Amino acid sequence: MFADRTAPGADVQSLWRSARSARCEAKTCQTGKISTAEAAAQSHTVRDAAVQTEQSKDAVQDFQQEVQVDYTGLLSFLQRVEDAVIKELNKNWKSHAFDGFEVNWTDQDETVLCLHTLSYPEAQDQNLQVTSVSWNATGSVIACSYGRLDDGDWSTEKSYVCTWNLDRRGLNPQHPDLVVDVPSSVMCLAFHPSQPSLIAGGLFSGELVVWDTSRTEDPVIWRTGMTDDTHTDPVYQVNWLPDTKHRNHARLLSVATDGKILVWREERDGRLALAEGFAIVAQQVPRSTRLKKVAWGEAAVGVTSLSFSHFDADVFVVGVEGGYSLRCSAVAQTAALPRPGGSVPLRAPAEFAFSPHAGPVYSVSCSPFHRQNLFLSCGTDGQVHLHSMLQTQPLFALQLSKKYLFCVCWSPVRPLVFAAASGEGEVHLFDLARSKQKPTVSLKQSMSDCPVYCLEFNTKHTRLLAAGDAAGTVKVWQLSSDFTEQGPREMSHLEQLASETVD
């Protein structure tokens, strides 16, 4: 009754493949391209009635035609909103939202930033002061000396020389990379111009010492010791000089308030020997008819500062305690008046005396840009004098401080820029292209108004300026491009300043 049986299947022919191949469509495309349009935003003709109109082809629109103002409607509007505007202005006037806000009208390019505030707590605990700062040959390491420049008996008090590498990632402003203990107060120091690890220092005792910072156990490599040649007063400045006879060696120059300018050479036994020397003697300082008569025999001639001409290695300027700046010659052959002791006869280098300050000169600085040897001087009268070596009177004098000025220094990259350190705790930056009467920027070194004793520009990283103060801190300031980029007519401006004469 029941049997297996297979029924034939239904066959429906597909038209999709033939239609797809006829249109040559890609295999990844399932349907033909569909055109869509969004009626809310699109139309065949586009026009924005708010800002666009069609220009008449028959007439050119006149843009110079007078504007029609509805003054009646404007007056009505102002009368309606007057009460609301006055109410809001009164609310803003009584607001405390901007209390303490000070408007800074200075352009951001003119700002000067404090990058680092460096100190050695142990020296600060002894109330020691930063007496000198110096950058090494690479421009990355800053050194400072600790001592005292104020009143008091500190001759036997221990002091320090500290260094910081500002490029070190783990820089600790209150932990120097190197600390050198010194048995006497260090009054000044200077890094070697080409050997980054050598530092020379002048002591209160009159000695000179050279340290090698690469030697951690015993960094002292040369010293003068206490001999008949050694200064009998504190050393206030030390400079490295190139040795013309030995290229790999350098000589040291030191100045002190005993009136001596001494040049030292290194010996193999670690001793600095006197090579030549000068003495500033009041009776041998040339008198000028344009200067007021003074008792030259009684004038104090203790040397406090020295600066060499950048264009004549035989010319240098010194500042003395009597208030004078003196032009001197390194090739002078006149013997100084006899002085007891000493292995080398001293010569009298003074050739010309400039108009004095009203007190001791603390700093002199020769211009690195002008061949007529412009130089700056400052002292206890709070004034900065700009001098030309061709005339007695200063080109101009600036009264910067009611207290002392301790240091003045030309910029190494801008002919018209210099800095001065004041006893009122400020670092003044001058740009003579802007003003000869007042500083361009005055930087507050500390809130306690303690004196700023020393400063030095960085000749490698020219935007850095270091300053040390009586509170025992060294601040590294970053200058703006305005103080480091020379203007197109700056040298001609400097020439014009130098050509001025004083009646």
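The values are calculated or read from the model by the stated rules, or taken from the named source; none is laboratory data. As the structure is a prediction and not an experimental result, all values here were calculated from the model. Counting neighbours? That spans all protein chains shown, and the Cβs are built from the backbone with ideal geometry, glycine included. Areas reflect the complete protein model, heavy atoms only, side chains present, ligands, DNA and RNA absent. Shrake-Rupley method; radii C 1.70, N 1.55, O 1.52, S 1.80 Å.
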- Task: Give me the distance in nm between label points sitting 7 Å out from Cα along the Cα-to-Cβ direction at E495 and E88, one decimal.
- Result: 6.0
- Taking only protein heavy atoms and a 1.4 Å probe, what accessible area per residue, in Å², does segment 425-503 have with all protein chains in place? 46
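Arrange the residues R251, R265, R489 by how much accessible surface each exposes, largest first, with a 1.4 angstrom probe. Write out the running numbers ahead of the final one.
Details: R251 55, R265 100, R489 180 Å².
Sorted by accessible area, descending: R489, R265, R251.
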- Here the Cα Rg-to-2.2 N^0.38 Å ratio for segment 447-496 is 1.49
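Only loop residues by DSSP count here, and only those with at most 13 other Cβ atoms within 10 Å; note down the GluC sites (Glu not before Pro) in segment 128-222 that meet that. Before the final figure, lay out each step's value.
Values: sites: E157, E207, E217; in loops: E157, E207, E217.
Sparse-neighbourhood loop GluC sites (Glu not before Pro): E217.
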- Listed residues H231, H96 arranged by accessible area, highest first, probe 1.4 Å: H96, H231
- Please work out the FRET efficiency for the pair C114 and L74, using the Cβ-Cβ distance as r and a Förster radius of 56 Å; give the result to the nearest 0.05. 0.55
- Item | DSSP-assigned coil residues among trypsin sites (Lys or Arg not before Pro) in segment 390-472, each with at most 13 further Cβ atoms within 10 Å | K402, R434, K460
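How many percent of Cα pairs in segment 406-493 exceed 18 Å? Can you show the working numbers first?
On the way: 1511 of 3828 pairs.
Here the long-distance tail beyond 18 Å is 39 percent of all Cα pairs in segment 406-493.
With a Förster radius of 35 Å, plug the Cβ-Cβ distance of H310 and T216 into 1/(1 + (r/R0)^6) and report the FRET value to the nearest 0.05.
Details: r = 36 Å, r/R0 = 1.02.
Computed FRET efficiency for H310 and T216 comes out at 0.45.
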